[in-house]
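The values are calculated or read from the model by the stated rules, or taken from the named source; none is laboratory data. On a predicted model such as this, the values are computed, not experimentally measured, just so you know. Note: ideal-geometry Cβ built from the backbone for every residue, glycine included; neighbour counts use all protein chains shown. Heavy atoms of the whole protein, side chains included, go into the accessibility calculation; ligands, DNA and RNA do not. Shrake-Rupley method; radii C 1.70, N 1.55, O 1.52, S 1.80 Å.
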Amino acid sequence: MINLKTKRGQKLLAAGNWAWSLLSINFAWFLINFPVILTAIVLGSLDLNVGFYSIDLVLTAMLAIFTIPSLFAVFETVQDWQINGNKTFFKTQFINWFQMISKFKLNVGFALVIGLLILLNKMFFGFVFPHMFILTTTVIVIAILITTAFQIGTNSDSTVTELCLNHPFKILAATLIFMILLILNFILQLAFLIVICSISLSVFCAYRLLGGRVEKND
């Protein structure tokens, strides 16, 4: 049995508390976005027809209500974690999500762009050059989304443009980490990755890369 009062025990306890903070944030995000994930699965199984257009429109609306504001909220929650230390952030993530829904223009704007990219990806799948252009555009949009989420979630004094100009390679690294963790979920179909590390870990990495405040590093 491990003695938690020893140095090794304290390290294990701190690691467990850190992992619990990470898990609680991501599990809240997962519950918020569960209907979006189900809709995306249905959409992926459809051919390009009227049904696809209809479901894509529904998914776009859900992105504006659930996914985009909850991503902004994760950055705000991660900042709370890095400033105040380990604890459960399940309730905090929900509260922050409700607050971020008020960012109506940004939520709808990003949702419309992502919904359009999903449609174009389906339409031009198999056409090498148009498809590559769409994928490149998608990476750029995700990079802008992550930067915007950091700027809003952390209430940064720097604008999105300033962040992009000051940290281009860090934003690229954060974007790649974000996409790799999401792709792992779809390719490997590992449900535990969705719960544990798909969003909260990628946001944590982005937060650190972009210089977010860290006052209590448990």
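Descriptive notes on the structure:
- Conditions (1) small (Gly, Ala, Ser); (2) closer than 23 Å to Leu43 by Cβ; (3) in contact (Cβ under 8 Å) with a residue 12 or more places away in the chain; (4) open to solvent by 30 Å² or more (accessible area, probe 1.4 Å): number failed by Gly126: (3)
- Among the residues of segment 117-174, the one identified as closer than 30 Å to Ile95 by Cβ and among the aromatic types (Phe, Trp, Tyr) is Phe150.
- Of all residues in segment 161-199 being surrounded by 13 or more Cβ atoms within 10 Å (Cβ to Cβ), modelled with pLDDT under 90 and of a type outside the set (A, V, I, L, M, F, W, C), the one that is farthest from Val74 (Cα to Cα): Asn185
- Selection status of Ile134, open to solvent by less than 40 Å² (accessible area, probe 1.4 Å), of a type in the set (Val, Ile, Thr) and under 24 Å from Asn49 (Cα atoms): yes
- Residue count for segment 92-105 under the criterion of being open to solvent by 50 Å² or more (accessible area, probe 1.4 Å), free of Cβ contacts under 8 Å to residues at least 60 places away in the same chain, assigned to a helix (DSSP H, G or I) and not polar (S, T, N, Q): the result is 4.
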